[in-house]
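The values are calculated or read from the model by the stated rules, or taken from the named source; none is laboratory data. The structure displayed is predicted, hence computed values, not measured ones. Please note: Cβ atoms are built from the backbone with ideal geometry, for glycine as well, and neighbour counts cover all protein chains shown. Quick note on the areas: whole protein, heavy atoms, side chains included, nothing else; ligands and nucleic acids left out. Shrake-Rupley method; radii C 1.70, N 1.55, O 1.52, S 1.80 Å.
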Amino acid sequence: MISVVEGQALQAELLTDKGNLRQQLELAIRKTPAIDVHTHVHPLEFDSLFLSGIDDLLTYHYLIAEVFRSTDLSHAQFWRMTKLERADFIWKTLFVENTPLSEATRGIVTILNAFNLDTRAENLAEAREFFSSQDPREHLDRVLETACVSDVVMTNDPFHDQELVTWQAGIEPDARFHASLRLDTLLNDWPTAVDGLKSQGFNVSTTLNTETHLEIRRFLDKWILRMRPVYMAVSLPADFEYPADDERTQLIREVILPTAHEHNLSLALMMGVRRGVNPALRAAGDGLGKADITALERICADYPEAKFLATMLSRENQHELCVAARKFNNLMPFGCWWFLNNPSIVSEITNERLELIGPSFVPQHSDARVLEQLIYKWQHARIVITESLYETYARLLDSGRPVTSNEIVRDVSRLFAGNFSKWVDFSGSTTR
Ligand code: HDL
Ligand code: ZN
């Protein structure tokens with residue numbers, strides 16, 4: 001929490017001048033550390049899951065999808081390349097032969113600029129030299145400081161081999177990194193989950209019954225003890241229905257929510273993804289669909305004592321999510337997810353959230369996969385959120401209610417950290 005903004009004691013007087021209002025807001029947003037509530041970033045301890053540097057940045061699946069719109073190269077030819085060849089190809093195609101106009105390409109520019117690297121370089125020699133010459137731990141500290149991110153919530157899949165190796169070795173991750181227990185395999189791919197559960201020594205049957213429910217709870221209890229997740233999470237397809245006569249509804253009702261209750265964990269529901277729309281793109285091949293908000297409303301209504309985080313992948317669903325959050329105070333909207341994480345849509349979503357639910361939401365998460373993406377995702381988000389908040393405070397002033405710097409810092413701290421911390425009973429980096 002900041003108590004002094006740029007050497008000035010926080011002003012208690014009313015900000016009746018809009019120029020001063022904007023200055024105080026910009027300072028507060030620039031200085032207030034954010035908790036990044038959903039990422040795919042892992043610290044160094046996770047070996048192959050730790051991604052950093054220009055080659056990982058350029059082979060981000062967002063850029064892989066985009067490069068095929070500016071080349072005649074076939075998917076097969078691309079996938080035959082090495083990672084460095086792919087990075088060179090993407091740089092040449094999207095940054096040299098074309099202008100990096102998209103959000104994901106501009107993100108690379110923001111990162112290079114943050115390290116004073118040539119954003120118009122003809123090749124990757126300088127960038128590769130810079131990133132390979134950094135001390136990894138000092139570099140991680142520098143990235144988190146530049147991004148002004150205090151804590152990073154990871155995505156931890158208990159069926160992923162590297163996760164198994166790391167956690168079973170009893171490795172304590174960097175205290176700024178916190179686990180979330182990801183349930184996609186369990187809830188979206190039950191046959192695969194059965195094999196995974198059995199391979200980890202749990203006696204489950206494909207046909208769900210009480211014994212299997214109990215074994216899955218034992219599996220979750222074991223992973224919760226190991227990971228100490230700040231919440232459990234699942235992405236759900238656009239056609240997700242609740243209730244439905246399927247394994248997913250049974251597992252939600254008989255296993256997941258009882259486990260959430262027992263461990264006082266929130267459940268994050270990320271709705272609207274359509275996996276593998278174009279399999280030739282591999283991880284870049286997912287798409288979106290409009291989900292059924294009534295499924296979320298019914299879960300919130302059925303389990304009033306449970307606490308749900310939710311985000312949705314369709315722009316239209318985000319407005320519905322705001323209205324649902326007005327109806328259910330056990331529902332916390334968060335972030336501008338994936339295809340929504342573009343300035344024009346982040347602005348629309350932030351505006352409608354402020355208009356419909358005031359400061360009672362989590363405005364952004366980065367979804368970063370590569371360490372340095374934290375810099376661009378948060379820099380770009382802070383610029384848009386500043387404008388939304390400024391317009392909101394300016395309208396409030398025009399309506400006859402000025403604010404103070406103290407109130408601005410309070411509001412920004414609540415949005416960037418307080419709402420989430422309170423929701424999941426999070427004590428931050430001191431947790432570990
Ligand atoms: O399911 C998810 O958590 C998504 O965020 C996917 O990981 C997606 O590939 C992504 O990285 N979006 O930003
Ligand atoms: Zn994600």
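I'm checking my understanding of the structure. Among residues of segment 339-367 that are open to solvent by less than 30 Å² (accessible area, probe 1.4 Å) and part of a helix (DSSP H, G or I), which one is nearest to ligand 2 (Cβ to nearest atom)?
Leu340
Quick check on Thr259: is it in a helix (DSSP H, G or I) and of a type in the set (Val, Ile, Thr)?
yes
Would you check if Asp302 is charged (D, E, K, R) and within 29 Å of Ser102 (Cβ to Cβ)?
In short, no.
Looking at (1) in contact (Cβ under 8 Å) with a residue 40 or more places away in the chain; (2) under 23 Å from Met332 (Cα atoms); (3) out of contact with any Asp or Glu (no Cβ under 7 Å at 6 or more places or on another chain), which is the one condition that is false for Arg217?
Just one mismatch for Arg217, condition (2).
Give segment 377-389 a look and list any residue that's open to solvent by less than 30 Å² (accessible area, probe 1.4 Å) and more than 16 Å from ligand 2 (Cβ to nearest atom), or say none.
Of everything in segment 377-389, those that are open to solvent by less than 30 Å² (accessible area, probe 1.4 Å) and more than 16 Å from ligand 2 (Cβ to nearest atom) turn out to be His380, Arg382, Val384, Ile385, Thr386, Ser388, Leu389.
Note down all Cβ pairs under 6 Å where the first residue falls in segment 278-297 and is farther than 29 Å from Leu331 by Cβ, the second is more than 16 Å from ligand 2 (Cβ to nearest atom) and open to solvent by 40 Å² or more (accessible area, probe 1.4 Å), and they're at least six residues apart or on different chains.
Ala280/His75; Gly285/Val277; Gly285/Asn278; Gly285/Pro279
Determine whether segment 271-278 contains at least one residue that is assigned to a loop (DSSP other than H, G, I, E, B) and among the polar types (S, T, N, Q).
Yes, segment 271-278 has at least one match.
Quick check on segment 165-202: of everything there that is surrounded by fewer than 16 Cβ atoms within 10 Å (Cβ to Cβ) and among the aliphatic types (A, V, I, L, M), which residue is nearest to the chain's Cα centre (by Cα)?
Selected residue: Ala175.
Between a residue in segment 301-320 that is more than 18 Å from Met232 (Cα to Cα) and open to solvent by less than 40 Å² (accessible area, probe 1.4 Å) and any residue that is charged (D, E, K, R) and assigned to a strand (DSSP E or B), which pairs come within a Cβ distance under 9 Å, given they are 6 or more apart or on different chains?
Here the result reads Leu313/Arg274, each pair linking segment 301-320 to a residue that is charged (D, E, K, R) and assigned to a strand (DSSP E or B).
Read through the list (1) out of contact with any strand residue (DSSP E or B) (no Cβ under 8 Å at 6 or more places or on another chain); (2) acidic (Asp, Glu); (3) crowded, with 19+ Cβ neighbours inside 10 Å, then give the number of the only condition that Asp151 fails.
The failed condition is (1).
All but one of (1) aliphatic (A, V, I, L, M); (2) open to solvent by 60 Å² or more (accessible area, probe 1.4 Å); (3) part of a loop (DSSP other than H, G, I, E, B) hold for Ala244; state the number of the condition that does not hold.
(2) is the only condition that Ala244 fails.
In segment 33-58, how many residues are open to solvent by 30 Å² or more (accessible area, probe 1.4 Å) and outside any helix (DSSP H, G or I)?
Selection size over segment 33-58: 5.
I'm told Val370 meets every condition in (1) open to solvent by less than 30 Å² (accessible area, probe 1.4 Å); (2) in a helix (DSSP H, G or I) except one. Can you identify the failing condition by its number?
The one condition Val370 does not meet is (2).
Kindly provide the set of residues from segment 153-209 that are within 16 Å of ligand 2 (Cβ to nearest atom), charged (D, E, K, R) and not in a loop (DSSP other than H, G, I, E, B), ordered by number.
Listed by number, the residues that qualify are Glu163, Arg182, Asp184.
Applying the selection to segment 255-277, what residues are open to solvent by 40 Å² or more (accessible area, probe 1.4 Å) and either farther than 24 Å from Asp425 by Cα or within 16 Å of ligand 2 (Cβ to nearest atom) (or both)?
Arg274, Arg275, Val277
Evaluate the following for Glu297: is it out of contact with any strand residue (DSSP E or B) (no Cβ under 9 Å at 6 or more places or on another chain), on the phi < 0 side of the Ramachandran plot and open to solvent by 50 Å² or more (accessible area, probe 1.4 Å)?
Answer is no for this residue.
Do we have any residue at all in segment 321-342 that's within 23 Å of Arg106 (Cβ to Cβ), within 16 Å of ligand 1 (Cβ to nearest atom) and over 16 Å from the mean Cα position of the chain (by Cα)?
Checked segment 321-342: no residue is within 23 Å of Arg106 (Cβ to Cβ), within 16 Å of ligand 1 (Cβ to nearest atom) and over 16 Å from the mean Cα position of the chain (by Cα).
Taking segment 212-241, which residues are within 16 Å of ligand 1 (Cβ to nearest atom) and buried (at least 17 other Cβ atoms within 10 Å of the Cβ)?
Correct list: Pro229, Val230, Tyr231, Met232, Ala233, Val234, Ser235, Leu236, Ala238, Phe240.
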